[in-house]
Amino acid sequence: MKNTNQPPYNKFSEGEVNIDFDTTIGSNQKDIKIAIDSFTYKYPSTKLFNQKISEYYNFDTSNYDNNILVLQPSLMPEIAIKPLNIIYVESDGMQPISGELLYNYNQYIFYNSEKSFVWLKDNNSLLLKEVVTTYGNTHDNDLLQFVFHTIDFNSKIEIQELIFQFKDSKYFLRTEMINKIREIAYNGQESSSFSDVVNEDFYYALPKIIDKINKNQALYNSPEKSIAFLLNELAKSGITGSIDSYLNNNSNFLKILVDQNYFDYAKLKEYVTVIYTLDKKIVLVQVIDKDGYTNLRKSPNSKSEIIQQIKTGDNLEVITKDGDWMLVKTNENQKGYVHKTKVTETE
């Protein structure tokens, strides 16, 4: 059966700019071939062509019958041309078709040419960077080492672009990219104990990323697991104060970790169960008011201002006890007082 799926990026529209790449690239195939042939390029087999596109761009060419496949939504994207078995990229200069650029880019992608890799680093490093930051490729350690040296690990924007992939209106955490950052950029450093801190910019930027995920959970795929993964990275780096701060301000997350067996993140589990819970034993109480709710008050007396009504069955974290009253924190991080007769301690 003929594949009728339409490639997602073959048509580009932004403001008054509208491009149909099927038409523009299709009409230029002859000139593109002449340009790359002038450098005696050896075309890869169809099998190698499809394999490398899948490996480097996470794009399955078998899903589409189109001869032109645009690999990302962009005004100047990478474009797979099936009849030629090459990736077309535009020069960043005035000349749209550069045979030298096409030759070196394709030599690097399909044959891992060291000479072409050096040429691209010197002449068009942005194309190399895009293979990592846009497509999330982690297969080539030499490429990763080069790209990581260009990244400002103090920049939340650059880190966001590097460690997340955006697709289907969601951000997906690139866990393997983070593993590679530790392995390559920081020589595999991990703290030998929770009192030993890895002093590297990337790990001190992670709490900002965690906070962003927490505040915009609908935008992220598996936000709880993503946060746990990043907390585990902090535990491996000895930056435990940020773990304490997150758990103190998001008391319900500890229950999530326990319920999910810490998502199998061993270092996070070790820190939370051995260190964090010794420093601060979290006591949870459950509302049992027969009226169906109890009042959360601003001060520990029955005439104090009511901040919120808490439903029977809801859990609260006890901060302190004040006579017959408890200072508690709700799942929404709202603090206030409840009477001790309206709650019972959970197991």
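The values are calculated or read from the model by the stated rules, or taken from the named source; none is laboratory data. The shown structure was predicted, so the numbers you read here are calculated from the model rather than taken from an experiment. All Cβ positions, even for glycine, are placed from backbone atoms using ideal geometry, and neighbour counts span all protein chains on display. The area values use the complete protein model at the heavy-atom level, side chains included, leaving out ligands, DNA and RNA. Shrake-Rupley method; radii C 1.70, N 1.55, O 1.52, S 1.80 Å.
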Given backbone amide H placed at 1.01 Å from N, residues whose amide H is under 5 Å from that of residue 170, ignoring those fewer than 5 places away on the same chain, are none
When you take every Cα atom in the chain, what is the radius of gyration, and what is Dmax, the widest Cα pair distance, in Å? 27.2, 88
Among rounded, prolate and oblate, which fits region 124-239 when a ≥ b ≥ c are the square roots of the eigenvalues of its C-alpha gyration tensor, a/c under 1.5 means rounded, and a/b larger than b/c means prolate? oblate
Which pairs in the list 167/236; 290/329; 303/329 are over 27 Å apart, alpha-carbon to alpha-carbon? 167/236
Residues of the chain: accessible area per residue with a 1.4 Å probe, Å²: 53
Taking springs between alpha-carbon atoms closer than 10 angstrom, which of 209, 243, 275 fluctuates most in the Gaussian network model of the chain? 275
Placing +1 at every Lys and Arg Cβ and -1 at every Asp and Glu Cβ, with all other atoms neutral, what dipole size does region 3-127 have around its Cα centre, in debye to the nearest 20? 460
Report, ordered by chain and residue number, the aspartates and glutamates lying within cross-link reach of residue 170, taken as a straight Cα distance under 18 Å and ignoring same-chain residues fewer than 8 apart. 158, 161, 211, 224
Out of all Cα-Cα pairs in region 197-347, roughly what percent, to the nearest whole number, are more than 24 Å apart? 40
Once you have the Cα-Cα distance between residue 169 and residue 270, take 0.36 nm times their residue separation minus that, and quote the gain in nm to one decimal. 32.9 nm
Mean-square fluctuation check for the chain, GNM, Cα pairs under 10 Å: which of 145, 72, 260 is largest? 260
Please compute the length gained on full extension between residue 193 and residue 346, using 0.36 nm multiplied by the number of residues separating them and subtracting their Cα-Cα distance. 51.8 nm
Run lengths n ≥ 4 of DSSP H only: what is the helix-derived mean residue ellipticity at 222 nm for the chain, with -39500 (n - 2.57) per run over all residues, to the nearest 500? -11500 deg cm²/dmol
Taking R0 as 30 Å, what FRET efficiency do you get between residue 112 and residue 76 from their Cβ-Cβ distance, rounded to the nearest 0.05? 0.80
Just the number, please: carbon plus sulfur as a percent of the accessible area of the chain, 1.4 Å probe, no ligands or DNA/RNA counted. 46
Between 5, 318, 193, whose Cα lies farthest towards the positive end of the dipole of the chain when Lys and Arg beta carbons carry +1 and Asp and Glu beta carbons carry -1, centred on the Cα centre? 318
For region 1-58, state the semi-axes of the equivalent ellipsoid (square roots of 5 times the eigenvalues of the alpha-carbon gyration tensor), sorted largest first and rounded to whole angstrom. 24, 20, 12
Using just the C-alpha positions of region 42-160 as equal point scatterers, what log10 of I(q)/I(0) does the Debye formula give at each q in 0.14 1/Å? -0.59
Evaluate the distance, in nm, between pseudo-label points positioned 7 Å from the Cα of residue 331 and of residue 141 along their respective Cα→Cβ axes. 4.6
I need the phi-derived Karplus couplings for region 15-22: 6.51 cos²θ - 1.76 cosθ + 1.60, θ = phi - 60°, integer Hz, Gly and Pro marked x. x, 8, 8, 9, 10, 9, 5, 4
Run down the lysines and flag those whose C-alpha is under 24 Å from the C-alpha of residue 47, throwing out any fewer than 8 positions away in its chain. 2, 30, 33, 82, 115
Around residue 343, which amide H atoms from residues at least 5 apart in sequence, or from another chain, sit under 5 Å from its own amide H, with H modelled in the peptide plane? 288
Sorted by packing (mean other beta-carbon atoms within 10 Å per residue), highest first, where do 22-32, 175-185 land? 175-185, 22-32
Does region 71-117 come out rounded, prolate or oblate by the C-alpha gyration tensor, with a ≥ b ≥ c the root eigenvalues, rounded set by a/c under 1.5 and, if not, prolate when a/b is larger than b/c and oblate if not? oblate
Quickly work out the residue 160-to-residue 29 label distance, labels modelled 7 Å from Cα along the C-beta direction, and quote it in nm with one decimal. 4.0
Mind checking the full-extension length gain between residue 149 and residue 306? Use 0.36 nm per residue of separation minus the Cα-Cα distance, one decimal, nm. 51.1 nm
